[in-house]
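Here the structure comes first, spelled out in C-alpha cells, and everything after it is commentary.
Please treat every number below as a calculation from the coordinates, not as lab data. Owing to the predicted nature of the structure, the values given are computational and were not obtained by experimental measurement. Note: ideal-geometry Cβ built from the backbone for every residue, glycine included; neighbour counts use all protein chains shown.
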Amino acid sequence: MQSSDRRARQRITLLLLVGAGCINYVDRATLAVGNTAIMAEMHLSYATMGWLLSALDWSYMISQVPMGLLADRLGGRAFLGGALLLCACAEIGFGLVGGATSIFWTRALLGMGEAPLFLAGTRVLVHWYSAEERGGAIGLFNGSASLGPALGPPLLLAVMAWWGWRDMSVVGGLVNLLLAVGWIVYYRDPLPGESAAEPARVHHDKAPVRSALRDDLGYLLGRRDTWAATAGFTGVVYLSSLYITWLPAWLEKTESLSEIQAGLLSAFPQIFSFAGCLGGGKLVDMVSRRGVAPLAACRRTVVLSMLACAVLTALLAVQPGRAAALTLLALALFANGVAVSCGWTLGTLITTEDRVATLEAIQNTGASLGGALAPILTGILATRSGSFAPAFLLAGGIGLLSTAIYHRGFATRR
C-alpha cells in the first residue's frame, strides 16, 4: 500500500474513533444535563441521583477486563460496531423509562456498550501508529472524552427544550446507530505488513482465552507498573467524573443559574479539557523526538498535570465567585485533560502491543471505580452538608494521592 493511502486510512480511522468517543460522552451527559428535570419529575434526592449517575460506571468497570481480553483477540470492525449498536439500544431505552430502577438498568447497559471503545480503539491505534507518533493520536482520541461533554450540553439542551429529556436520549441513540453502521461499512484492520505493531505480535490475536488468562492477565497483574498505572488513573478519572456528572448542578446551585444557563455554562470549561488532551499527547511526542524515552516523558507530564489539577480543584471549595470559579475550572480541566491523555498513553508504553487492550482494561477498571465513586460521594456530601465544598476538598485530596502514586509507584524508570 502506498504511504499516502495508508496515511489517509490512519486519519479516517482516527476521526471515526474520535466521533465515537464524542458520542459516547454525549450519551453519558444526557443524565447529567437532564438530572434536575428528572429529579423533579420522579421526586428524587441528590443522593439517589448520585447512584443513578454512577450506574454507568459500575457496569463499565466490571466489563473492562472481559472486554479487554476480547479486544486483544478480535478485530476492531465487528467488535466496536456491535458495541455502538448496544449503546444505541441503551440510549433509546433510557428515553422510554418509567422510574429510577429503569434508569439505573438502561444506564448500566450503556456502560457495558461503552466499555470496549477505548480498549479496542487504543488497540486499533497501536496497530496504525508507532510509539514515536502515538501520543498525538491517542491524545486526540482521549480528547473526545472532553469534546463530547463540551459539545453535549448545548446540543442536548436544544433538543430537550424542544422535545423534552426523553426525546433527547432517543436522538442520541439514533446518532449512535448511524455511527455503528458507518464504522462497520468503512473500517478494516490493517494487514500485517501495514501495521505499526511487530508482525509476530499481530498474530497473537488468535491465542485462546485460556492462554490469555494465564499468559496475559496473570502476567500483567503480577507487575508493579500495572498496579501503579491503575491506582494513579483512578484518581485522574475521579476528578474527570466529578466535573462531568455534577458540574451543571454545582453551577446551578452556587451561581443561582437556571437549568439551561448552568448546562450551557458547564460546556465552556470542557473545551479546555479537550485542549489539555491534545496538548498532553503532542507534548509527549515532542519530548520523545528530542531523545527522552516516551515512558519517562509520559510519567513526568502526568505528575505535574495531576498536581495542578488537585490544587485547583481544592481551591473551588471556597466558592470564589463566577469569574474566578470559571477560571479555576478551565485551568483544572486543562490539567486533567493532560493527565487523561498522558495516563492513557502511559499504559501503551509499559507493555507489549499484544497486551495493550488487556492492560488498559485493568487500568480502566480502577478508573471506573473512581468514576463511579465521584458522583456517589459528591451526592452524599452535598446532601448532608448542603454544599459542594466538601466534595471538592475530597477530590483535591484524591488528586494529590494520584500524583504521589505516579511519582513514586513505578518500578520502571525509563
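So, with +1 on the Cβ of K and R and -1 on the Cβ of D and E, and no other charges, what is the size of the charge dipole of region 1-142 about its Cα centre, to the nearest 20 debye?
440
Could you work out how far apart the two model spin labels at Trp162 and Trp105 are, taking each label as a point 7 Å from the Cα in the direction of the beta carbon, and quote it in nm?
3.2
On alpha carbon coordinates alone, what is the Rg over Rh value for the chain, Rh being the Kirkwood radius?
With Rg and the Kirkwood Rh in hand, the quotient comes to 0.96.
Place +1 on the Cβ of every Lys and Arg and -1 on the Cβ of every Asp and Glu in the chain, take the dipole about the Cα centre, and give the residue among Leu242, Leu178, Ile103 whose Cα lies farthest towards its positive end.
Leu242
What value, in deg cm²/dmol to 500, does the helix sum -39500 (n - 2.57) over DSSP H runs of n ≥ 4 give at 222 nm once divided by the residues of the chain?
When only DSSP H runs of four or more count, the value is -28500 deg cm²/dmol.
Roughly how tilted is helix 165-186, in degrees to the nearest 10 and between 0 and 90, from the longest Cα axis of the chain?
Approximately 10 degrees, to the nearest 10.
For the chain, what relative contact order do you get, as a whole percent, if you take Cα pairs closer than 8 Å and at least 6 residues apart?
Rounded, it is 27 percent for the chain.
Based on the mean of other beta carbon atoms within 10 Å per residue, what is the order of 356-367, 18-29, 44-55, 283-294, most packed first?
Put in order of decreasing packing, that is 356-367, 18-29, 44-55, 283-294.
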